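**Q** Provided herewith is a single structure, encoded as structure tokens, for subsequent inquiry.
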Amino acid sequence: MYAQLVKSEASAEDPIRLAEFQARIDRGEKIEPKDWMPAGYRKTLIRQIGQHAHSEIVGQLPEGNWITRAPTLERKANLLAKVQDEAGHGLYLYCAAETLGVSRDELFEMLHNGKMKYSSIFNYPTLTWADMGAVGWLVDGAAIMNQVPLQRTSYGPYARAMVRICKEESFHQRQGYHLLLHMMKGSEAQQRMCQDALNRMWFPALMMFGPSDKDSVHSAQSMAWKIKMNTNDELRQKFVDETVRQAEFLGLQIPDDALRWNESTGHYDFSEPDWDEFHDVISGNGPCNHERLEARKSAWNDGAWVREARMAHAMKNSERRLAAAE
Ligand code: 3HC
């Protein structure tokens, strides 16, 4: 359905219309679903919002796995609430993508057949309880860094969805940091567990911001359209600058020998992530890619009866309404 839409728009694009569209973006106007938009703008938004939605849904898996093993009732309630929030974020984002003319079934199909990605970070395992802290602190922390500017993105439904999502992500980040603060006051074994979680998660968290600017395919056009408000490297740097001090407060060591404050730039210098590993993970060969995708596919297949029952119910209702009207 949406492939046809994009095709018909592409043929209708003339330079004057494109210039008027760009002028609206430059004036800071929001683009709404019924407004004319270039095919590339629609396509890029569907890709980015769709991938974002998939990330929220797949992102439930590494943490959902720990709900039954939370050490206290309070931690369990927090984690449960967080994982439920991620499901909600996925739903807001699928709704925002649907306003662009793509159906939810099409989006799921593209996730299941590998045509659409989800965030690389969720292809890493969560091995200990301290990972729940590190995920909240680093993964949700990186997500917030990327998503706060997206509240000002040019597409109205996406920008509005981000407002609520960011509020909730902020709670997620704090619950993770609080968990680590608590564990760092515990035994030496608990402290080692926290350091180990940071050692494993640090570079994958840096990869969440995407490839370095020189290798980013979409950044230039997405920034011109205000679909992205900052480059990948700008946000990665901002994340490092804020997180180093948080690690110091926790008493944890960032696993990077090259990390040091640079007086002349006013930022931390740090090592680049291993980009070969990043490309491996986003092309389906990370440690948990297979497991994550299988979990999503079986959830989709197991839920078929619910979708079918709801369709049958809706059809019966509309038949009843038609019969009553006659
Ligand atoms: N994981 C997977 N794929 C990634 C990636 C990552 N961390 N970073 C980049 N890529 C992919 C891109 O999708 C693109 O592939 P494609 O052409 O097949 O779609 C390719 O690598 C080139 O990267 P670009 O820099 O050119 O891509 P973008 O301009 O789209 O930038 C992005 C990537 C910064 C992730 C951008 O898409 C973005 O800001 N997205 C919105 C935020 C988002 O999706 N966040 C997910 C985080 S997890 C989350 O929010 C869950 C929460 O609960 C923690």
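**Q** Using 1/(1 + (r/R0)^6) with R0 = 35 angstrom and r between the beta carbons of ILE67 and GLU242, what's the FRET efficiency to the nearest 0.05?
**A** Here the calculated transfer efficiency is 0.75.
**Q** Could you pull out the pairs from LYS76/LYS316; LYS43/LYS316; LYS34/LYS238; LYS82/LYS115; LYS34/LYS76 whose alpha carbons sit more than 32 Å apart here?
**A** Listed pairs above 32 Å: LYS76/LYS316; LYS43/LYS316; LYS34/LYS238; LYS34/LYS76.
**Q** From the square roots a ≥ b ≥ c of the eigenvalues of the alpha-carbon gyration tensor of segment 1-134, which class results: rounded (a/c under 1.5), prolate (a/b over b/c), or oblate?
**A** Because a/c hits 1.5 or more and a/b exceeds b/c, segment 1-134 counts as prolate.
**Q** Right, next: Based on DSSP loop calls and a cut-off of at most 13 other Cβ atoms within 10 Å, the longest stretch of the chain free of exposed trypsin sites (Lys or Arg not before Pro) is what?
**A** Answer - 186-326.
**Q** Moving to a separate point now. Given Cα pairs under 8 Å that are at least 6 residues apart, what percent is the relative contact order of segment 37-102?
**A** 50 percent
**Q** I want to check the label-to-label distance for PHE171 and MET223. Put each point 7 Å from Cα in the C-beta direction and report it in nm to one decimal.
**A** 3.5 nm
Where a number appears in this text, it was derived from the coordinates with a stated rule and is not lab data. As the structure is a prediction and not an experimental result, all values here were calculated from the model. For neighbour counting, all protein chains shown are included, and Cβ atoms are generated from backbone atoms with ideal geometry for every residue, glycine included.
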